[in-house]
1. Residue under question is L337, and the condition is that it be open to solvent by less than 40 Å² (accessible area, probe 1.4 Å) and either assigned to a strand (DSSP E or B) or farther than 20 Å from D173 by Cβ (or both); does it hold?
2. Which of the residues that make up the range 25-42 are open to solvent by 10 Å² or more (accessible area, probe 1.4 Å) and among the polar types (S, T, N, Q)?
3. Could you check the range 97-136 and list, in sequence order, the residues that are in contact with a strand residue (DSSP E or B) (Cβ under 8 Å, 6 or more places away or on another chain), of a type in the set (V, I, T) and part of a helix (DSSP H, G or I)?
4. Let me confirm something: among Q96, Q89, which residue is in contact with a Lys or Arg (Cβ under 6 Å, 6 or more places away or on another chain) and open to solvent by 70 Å² or more (accessible area, probe 1.4 Å)?
5. Just give me the residues in the range 194-223 being in contact with a Lys or Arg (Cβ under 7 Å, 6 or more places away or on another chain) and without any contact (Cβ under 8 Å) to a residue 60 or more places away in the chain, in sequence order.
6. Would you pick out the residues in the range 254-282 that are more than 18 Å from Q201 (Cα to Cα) and either free of Cβ contacts under 8 Å to residues at least 12 places away in the same chain or open to solvent by less than 40 Å² (accessible area, probe 1.4 Å) (or both)?
7. Can you tell me how many residues in the range 343-359 are open to solvent by less than 40 Å² (accessible area, probe 1.4 Å) and over 18 Å from P187 (Cβ atoms)?
Amino acid sequence: MATENLNILFIIPSYKPAYVYGGPIRSVSALCEALVEVGHNVNVFTTTANGETELDVIPGNEYNIDGVNVTYFKRQTKDHSNLSAGLFQKVLGNCQRFDIIHIQSWWNFVAVFSVIACKLKSVQPLISPRGSLIPYTFGYRNVFLKKWLHKLIGKRLLENSILHFTSNKEKEDADKYLNKERSFIIPNILSLPDRIYGKKQDGCLRLVFVGRIDPKKNLELVLKALKSRGNYNRISLDIIGDGDKNYVNKLKQFSGEMTNVTWRGMLDGELKFKLLSESDLLVLLSHNENYGNVVLEALCQGTPVIISKYVGAGEYVKKNKLGWVIDLSESEFVETLNGILSQDSELKEMQHRAEDCIKRDFERGRQVLEYEKMYFEIRNTHIKHDKKK
């Protein structure tokens, strides 16, 4: 537990209960709540963003969400820009009263304008870009605008801030675009259950996908591979999640004749963890994941993974031999599945070890100490710098 309390402000485009945005909502809220539990004062400035709709809250009002003080601000633009004049004004007027300003994400007005507000007030923020500074993101959606903004102002803002990455891979990717010496690498904190909710059954190899259904997740590669492989009675796939209706319908139409594919829609809490625990393997062949929270969620339920080498958690998976880390290749994916089907002893051994590995390495109390250490180092460095002036 901390010997003194910090006053920490998190700034993020969306916050719970806007679970439509997937992993970042869960990991950021888990970090905020863990910091409150050990005695720190935590505030969140966010928007009313909830996909195509807005959260049912009163803009500008402060809410206590599981111990965290959360203020939601009206947004003037929708996803993915999330412009909020009220949030910018609030940050500009209040950023100096916090010990730490921790900004989550990049490539949106909430993050960029908040950094500008801090700079105007001579406050150095901490930024967690969350996969925003990688080749795939630079080459996907508004490509020219991103490159232009990065060259004009983004690079300078980022290099004058402190950066936090959730994996070595995320930092290595960001280093291609920044000349940044000072940064921290600490994995996400998650609220993981302390029990396994279901049992695995003998029979076909049961795969599961969990996440926002988006081109970034590359679910089409999984479907194409299973379709080309045929022999549906040996492998099944459950899909948990939702996304853009047109894109989801396109994938459903492609998989329409595949009797081994089941679309589950959005599942959360015990229902999600039960299906994870009953599955044999999680599949996540994303073009990019700065970490991949669902990997830990699967492993805590005794379910190993097949993930792409572009998933940040791959380093942990390989080190502890808790799954297969492969290239984005349909043939390599099919070859991996065929190998598991012909000899499943390695899979069984992984299933037996996975839960204990997660309990050992991702104990919430120990993880929050790493974040505290980072925050105190940043705060103390600022104090020393201010004394020299």
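The values are calculated or read from the model by the stated rules, or taken from the named source; none is laboratory data. All figures in this text were calculated on a predicted structure; none of them were measured in a lab. Note that we place each Cβ from the backbone using ideal geometry, even for glycine, and neighbour counts take in every protein chain shown. Heavy atoms of the whole protein, side chains included, go into the accessibility calculation; ligands, DNA and RNA do not. Shrake-Rupley method; radii C 1.70, N 1.55, O 1.52, S 1.80 Å.
1. Details: open to solvent by less than 40 Å² (accessible area, probe 1.4 Å): yes; either assigned to a strand (DSSP E or B) or farther than 20 Å from D173 by Cβ (or both): yes.
Yes.
2. Hit for the range 25-42 is N41, nothing else.
3. First pass over the range 97-136, keeping only residues in contact with a strand residue (DSSP E or B) (Cβ under 8 Å, 6 or more places away or on another chain): 97-106, 110-111, 114-115, 118, 123-131.
Retained after the next criterion (residues that are of a type in the set (V, I, T)): 100-101, 103, 110, 115, 123, 127.
Those that are in contact with a strand residue (DSSP E or B) (Cβ under 8 Å, 6 or more places away or on another chain), of a type in the set (V, I, T) and part of a helix (DSSP H, G or I): V110, V115.
4. On the way: Q89 fails: in contact with a Lys or Arg (Cβ under 6 Å, 6 or more places away or on another chain).
Only one candidate qualifies: Q96.
5. Residue satisfying the conditions is C204 alone.
6. Narrowing the range 254-282 to residues more than 18 Å from Q201 (Cα to Cα): 254-259, 263-270.
Hits for the range 254-282 are S255, G256, E257, M258, G265, G269.
7. Residues that pass the stated criteria total 3.
Rundown of residues vs (1) free of Cβ contacts under 8 Å to residues at least 40 places away in the same chain; (2) open to solvent by 20 Å² or more (accessible area, probe 1.4 Å); (3) more than 21 Å from S191 (Cβ to Cβ), yes/no style:
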{"position": "L284", "(1), (2), (3)": "no, no, no"}
{"position": "Y291", "(1), (2), (3)": "no, no, no"}
{"position": "V305", "(1), (2), (3)": "yes, no, no"}
{"position": "S308", "(1), (2), (3)": "no, no, yes"}
{"position": "A313", "(1), (2), (3)": "no, no, no"}
{"position": "K318", "(1), (2), (3)": "yes, yes, yes"}
{"position": "G323", "(1), (2), (3)": "no, no, yes"}
{"position": "D327", "(1), (2), (3)": "yes, yes, yes"}
{"position": "E330", "(1), (2), (3)": "no, yes, yes"}
